[in-house]
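K.L.:
Have a look at the structure that comes next, please.
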Amino acid sequence: MKKVLFVLLGLAMACNSSQKATKEAPEMVKAEVNPVAIAETITEAELKEHLFIYAGDEFEGRETGEPGQKKAVEYLKAQYEKLGIPAAKGNGMYFQDVPLEMAKLPTGAIMANGKEYAIGEDFLTFTSSEGSYDNVVYVGYGIEEDTYSDYTDMDVQGKLVLMKSGEPMKEDGTYLVSGTSEKSIWSNASESVGKRTEVAQSKGATGILYYDSQNYARFKGYYDYMKNNDGGRMDLKSTDKTPSLVLLNTDMVKSMHPSIDEDSAGKTLDFSFAFNLETANVQIASENVAAILKGSEKPDEYVVISSHLDHIGVTKDGEINNGADDDGSGTVALLEIAEAFKTAADAGNGPKRSIVFLHVTGEEKGLLGSRYYTDVDPIFPLSKTVANLNIDMIGRIDPKREGDRNYIYLIGSDKLSTDLHELSEEVNEKYTNIELDYTYNDENDPNRFYYRSDHYNFAKNNIPIIFYFNGTHDDYHRPGDTPDKINYDLLQNRTRLVFHTAWEVANRDQRIVVDKATK
């Protein structure tokens with residue numbers, strides 16, 4: 001903390017010395033902060049000091065809900081208390097409780113038209129399901145938009161529905177929903193199942209049979225991994241009755257509807273179903289950690305800087321997955337950014353907009369902590385949230401990448417806001433000169449990184465985002481991801497880039513403009 005004193009003295013010396021003082025009393029002039037001086041408080045030494053603790057063996061890999069994760073949140077709380085940055089929820093409440101539930105893989109079978117189908121072979125599901133249906137309502141793609149609906153004249157209240165992946169096309173080869181040659185979000189494998197489930201639930205359906213021949217193998221691999229490791233599926237504890245979702249293989253679905261690939265017209269299928277799938281759920285307590293530095297001029301507008309605090313814990317052989325890069329690097333970067341903003345505030349130059357420092361839990365389990373924050377219990381209104389800058393793995397070098405080591409992958413900066421993208425580019429050119437690599441920003445990126453970290457839960461709510469990422473490496477999700485392998489000079493430079501970007505977003509006159517909002 002000694003560095004803070006010297007920075008404050010330096011800021012005081014930055015006052016405009018040409019101002020004349022009166023004979024009666026010296027004129028008080030507010031220091032104008034040079035953000036470069038503030039950014040220089042973010043140092044390799046302090047990042048390293050934090051990370052060797054946070055990604056040390058004592059934290060046991062920070063598995064969600066486990067003792068190591070509890071140690072991690074206490075560490076973060078202590079750091080914000082030490083910095084004098086208040087809790088986001090007020091009254092010293094740095095923790096936002098995130099109720100979770102672990103569901104083991106179901107056991108049982110499905111009877112369809114008197115024939116028994118086996119879980120893990122003929123179909124996949126990750127939740128329990130019981131009940132009987134005399135028939136099935138086929139709803140084509142299961143899509144509903146302003147100008148298109150597969151549910152027109154279809155009554156699915158209390159019924160079992162069958163739907164397929166993809167989306168309708170016109171005869172000229174364009175997509176009906178988008179009206180162009182570009183696919184819509186309904187063709188996005190990472191998002192479309194959830195959207196279809198939401199629509200079916202709103203229509204009153206109690207069960208969903210889903211057919212996706214292209215991605216069934218992907219779901220099967222996930223199912224087999226869970227089964228072989230005696231794992232379960234962690235999710236937010238739900239108070240709503242979400243329709244049961246069952247993924248059918250090609251043989252099973254063709255026994256019901258042989259022409260499903262060609263036929264998209266809704267109809268009732270004379271096919272009976274009886275579900276007998278049981279599972280055991282375990283309740284898990286976990287927490288987000290959130291602190292806030294209130295804005296001086298626009299305190300009710302918020303810039304959220306985020307990183308995930310969890311990792312994957314300990315292997316079956318007792319080896320600790322320390323998660324130094326994933327996402328210890330983002331976590332300690334966020335702490336250093338918080339300290340930099342607090343240094344400026346202590347000198348009388350706090351940000352115009354409020355800065356929320358958000359450490360989320362359960363990212364490794366499906367972006368659960370950030371989803372709870374955005375979809376269930378936003379501490380601050382999403383309508384007043386100007387942007388989200390998300391940091392997830394910024395301490396290593398992608399071995400597959402060629403070129404200068406002083407780089408960072410940027411993902412999502414232009415997805416919702418041209419304004420944010422241009423600001424990001426200008427900030428980097430002015431202050432840090434890091435190579436901004438947009439390889440994984442490509443819509444056709446097979447890794448789908450845009451959908452795989454916590455920024456996505458903000459983006460889906462039309463909040464502009466930037467995701468900072470160094471790429472994967474051989475130690476990704478392995479015990480070898482240790483703090484001694486971090487490139488601390490790169491971690492420092494990348495952290496300063498995020499700080500400068502947040503500084504500009506927080507202090508500009510107008511909030512970031514959203515010009516590419518999605519539905």
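The values are calculated or read from the model by the stated rules, or taken from the named source; none is laboratory data. Remember, predicted model here, so these are calculated numbers, not experimental data. No Cβ is skipped: glycine too gets one built from the backbone with ideal geometry, and neighbour counts run over all protein chains shown. When the accessible area is computed, the model is the full protein with side chains, heavy atoms only, and any ligands, DNA or RNA have been set aside. Shrake-Rupley method; radii C 1.70, N 1.55, O 1.52, S 1.80 Å.
K.L.:
Test Thr501 against the stated conditions and say whether it is in contact (Cβ under 8 Å) with a residue 40 or more places away in the chain, touching a helix residue (DSSP H, G or I) at 6+ places or on another chain (Cβ under 6 Å), in a helix (DSSP H, G or I) and over 15 Å from Ser413 (Cα atoms). Working first, answer last.
P.N.:
Details: in contact (Cβ under 8 Å) with a residue 40 or more places away in the chain: yes; touching a helix residue (DSSP H, G or I) at 6+ places or on another chain (Cβ under 6 Å): yes; in a helix (DSSP H, G or I): yes; over 15 Å from Ser413 (Cα atoms): no.
For Thr501, the condition - in contact (Cβ under 8 Å) with a residue 40 or more places away in the chain, touching a helix residue (DSSP H, G or I) at 6+ places or on another chain (Cβ under 6 Å), in a helix (DSSP H, G or I) and over 15 Å from Ser413 (Cα atoms) - is not met.
K.L.:
Follow-up. Please note which strands (runs of 3 or more DSSP E) are completely contained in the range 342-435 and include at least 3 residues that are touching a residue at least 24 places away in the same chain (Cβ under 8 Å) and polar (S, T, N, Q). Show your work before the answer.
P.N.:
Numbers: elements: 353-360, 385-391, 407-411.
Here the list reads 385-391.
K.L.:
Across the range 62-80, what is the total count of residues that are of a type outside the set (D, E, K, R), under 22 Å from the mean Cα position of the chain (by Cα) and more than 26 Å from Asn493 (Cα to Cα)?
P.N.:
Residues meeting the conditions: 4.
K.L.:
Out of the residues in the range 211-229 that are under 26 Å from Val282 (Cβ atoms) and touching a strand residue (DSSP E or B) at 6+ places or on another chain (Cβ under 8 Å), state the one that is most open to solvent (accessible area, probe 1.4 Å).
P.N.:
The qualifying residue most open to solvent (accessible area, probe 1.4 Å) is Lys220.
K.L.:
Something else: Give the residue that is farthest from Val33 (Cα to Cα), with candidates limited to residues of the range 340-357 that are touching a helix residue (DSSP H, G or I) at 6+ places or on another chain (Cβ under 7 Å) and open to solvent by less than 10 Å² (accessible area, probe 1.4 Å). Steps first, please.
P.N.:
Of all residues in the range 340-357, those touching a helix residue (DSSP H, G or I) at 6+ places or on another chain (Cβ under 7 Å) come to 340, 342-344, 346-347, 350-353, 355, 357.
Narrowing further to those that are open to solvent by less than 10 Å² (accessible area, probe 1.4 Å): 340, 343-344, 351, 353, 355, 357.
Working: Ala340: 12, Thr343: 10, Ala344: 7, Pro351: 11, Arg353: 16, Ile355: 17, Phe357: 21 Å.
By that ranking, first place goes to Phe357.
K.L.:
Determine whether Gly204 is more than 25 Å from the chain's Cα centre (by Cα), open to solvent by less than 60 Å² (accessible area, probe 1.4 Å), under 21 Å from Glu262 (Cα atoms) and among the small types (Gly, Ala, Ser). Full working, then the answer.
P.N.:
Details: more than 25 Å from the chain's Cα centre (by Cα): yes; open to solvent by less than 60 Å² (accessible area, probe 1.4 Å): yes; under 21 Å from Glu262 (Cα atoms): no; among the small types (Gly, Ala, Ser): yes.
Considered against the rule, which asks whether it is more than 25 Å from the chain's Cα centre (by Cα), open to solvent by less than 60 Å² (accessible area, probe 1.4 Å), under 21 Å from Glu262 (Cα atoms) and among the small types (Gly, Ala, Ser), Gly204 comes out as no.
K.L.:
Answer yes or no as to whether Val360 is under 21 Å from Val73 (Cβ atoms), touching an Asp or Glu at 6+ places or on another chain (Cβ under 8 Å) and open to solvent by less than 10 Å² (accessible area, probe 1.4 Å).
P.N.:
On the way: under 21 Å from Val73 (Cβ atoms): yes; touching an Asp or Glu at 6+ places or on another chain (Cβ under 8 Å): yes; open to solvent by less than 10 Å² (accessible area, probe 1.4 Å): yes.
The answer is yes for Val360.
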